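Asks: Below you'll find the structure I mean.
The values are calculated or read from the model by the stated rules, or taken from the named source; none is laboratory data. Just so it is clear, the model here is predicted, and its values are computed rather than measured. FYI the Cβ positions are ideal-geometry reconstructions off the backbone, even for glycines, and counts take in every protein chain you see.
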Amino acid sequence: MKVYVDSIGAHALAGTVRDLGTEYASRHQMVGSPDEADLILLCGSFSRAPHLLTRHPLYRSSPRKCAVYSGDDTYFALAPGVYTSPRQGLSTRIGRVRSHAFAASYGRHANQAVREASRSPDALRGRDKTLLFSFEGSATSRLRRRLFALRFDQSVTRVEDTSRSYSHFDHEGDDRDAGQARYVDTMLRSRFALCPRGVGTGTLRLFESMSLGVAPVLLSDHYVLPRGPRWETFLVRLREHRVEHLEDDLRALTETAADRGLRARAEWEAWFAPEVLFDQLVDAAHDTVRAAPAVESFCRRVQPLLVAYLALRGRSLQVAGSVLRALRARPGP
C-alpha cells in the first residue's frame, strides 16, 4: 500500500512515523505525494484544537483516504484512525477506532535506557528478580494517586512517585540519564511491571515492559487493547478497584511471571518493535478507513456539534479545576 504521512499542526509525531517508515517499511511504501497514496495518515494532536484536523487541507480534499494517528491523552474520536488512549465505545466496537502503541517512544522523547536495553536480549536475562512488582511514575491520575497512597511491603515492591524528581519531557534535567537508567534497572528486577493509566486510558509502560520482557499488569478499566497480540497468554489485567489487593493478587501469580515476560517480549517483537511498527500501524489505520463509511459520512455531518461539545466540556473542566484550587487554597476555620 502506498502511504503519505502528514502532520496535524506542528507536531513531531509525523516525523517519527516517517522515520520509521523510511527505515523499516517492508509491506507498505512511503510516497512523497498525497495524490499517489492509497492511504493518507495524519499524525499529531487535535483534541484541544479540533480545527487543526477539520481544516487540514488533505482531510478536507481526500476524506475517504484519510486516517489519523493520535497520541492525545484526551481521547476524541473525531475521525477514523489509530489512537493510543481509546475508550470502549461505539467507534471501537465498529472498528472506526483502533488502538496501537506509542510511536513517540521512538522519537525525541524516547527513554534511551529502555531503547538500549530492549535492543540487547542478553541484557534482559540474568537479573535477580528481587521485586514482586514495581512502578515509578508521576501522579497524573486519581488511580495513580491511590496507588502512591498505599503501603506495600517495601522489601519486595517499589512504588515511587517521581513527579518532583524526574520529568520525561524535560531534556535539560541534570538527572535525566540517571533517572532513565534507574527506571530500567528497577523494571528488570521486577517480576511484574505495574501499568496504571495516567491522564489517558493508555500507558506507555505497557509496551516498555513488553520490550524488556517483564510481565505487564494493566490497570485501566476502559482502555481498548490493540488487536493482534495474544494478550491472554501474558497480560495480567486487573480492575482499577483491585489496586488495594495488588500484593495478594500478584503473589498468587508469581510462578507465571517468567513465562509471561518471555511471551510479552515475543509479542512485542511481532507487533510493536520499531522494525514492524510502521507496517502494523498502517494496517490498523487502513482498517479504520474501511470499517464504516456510512457511519463516517454521518460523523462528518455532525462534526460541528462534536467540536462544540468538546469545547464546552473543556471549559467546564477548567471552571471546576479553578473552583477546586480556590477551595483548597482557602485557610481553615
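Asks: Being within 26 Å of ARG197 (Cα to Cα) and among the hydroxyl-bearing types (Ser, Thr, Tyr) is the filter; apply it to the range 26-84 and report the residue that is nearest to the chain's Cα centre (by Cα).
Replies: Only one residue fits best here, namely THR84.
Asks: Name, by its number, the condition in (1) in contact with an Asp or Glu (Cβ under 6 Å, 6 or more places away or on another chain); (2) assigned by TED's automatic domain parsing to the domain that holds THR186; (3) assigned to a loop (DSSP other than H, G, I, E, B) that does not hold for ASP128.
Replies: (1)
Asks: Ok, one more. When you scan the range 222-274, how many residues do you find that are within 30 Å of GLU23 (Cβ to Cβ) and part of a helix (DSSP H, G or I)?
Replies: Looking only at that region, the number is 14.
Asks: From the list VAL159, VAL114, which one is in contact with a Leu (Cβ under 8 Å, 6 or more places away or on another chain), of a type outside the set (D, E, K, R), closer than 22 Å to TRP271 by Cβ and not in a loop (DSSP other than H, G, I, E, B)?
Replies: VAL114
Asks: Additional query: Please find, among TYR24, TYR4, TYR83, TYR75, the residue that is farther than 27 Å from ALA308 by Cβ and surrounded by 19 or more Cβ atoms within 10 Å (Cβ to Cβ).
Replies: Step by step, each of TYR24, TYR4, TYR83, TYR75 is checked, and only TYR4 is farther than 27 Å from ALA308 by Cβ and surrounded by 19 or more Cβ atoms within 10 Å (Cβ to Cβ).
Asks: Further question: How many of the residues in the range 149-185 are polar (S, T, N, Q), at pLDDT below 95 and within 27 Å of PRO121 (Cα to Cα)?
Replies: Number of matching residues: 1.
Asks: Out of (1) among the polar types (S, T, N, Q); (2) buried (at least 22 other Cβ atoms within 10 Å of the Cβ); (3) free of Cβ contacts under 8 Å to residues at least 60 places away in the same chain, the odd one out for SER62 is which?
Replies: Going through the list (1) among the polar types (S, T, N, Q); (2) buried (at least 22 other Cβ atoms within 10 Å of the Cβ); (3) free of Cβ contacts under 8 Å to residues at least 60 places away in the same chain, SER62 breaks only (2).
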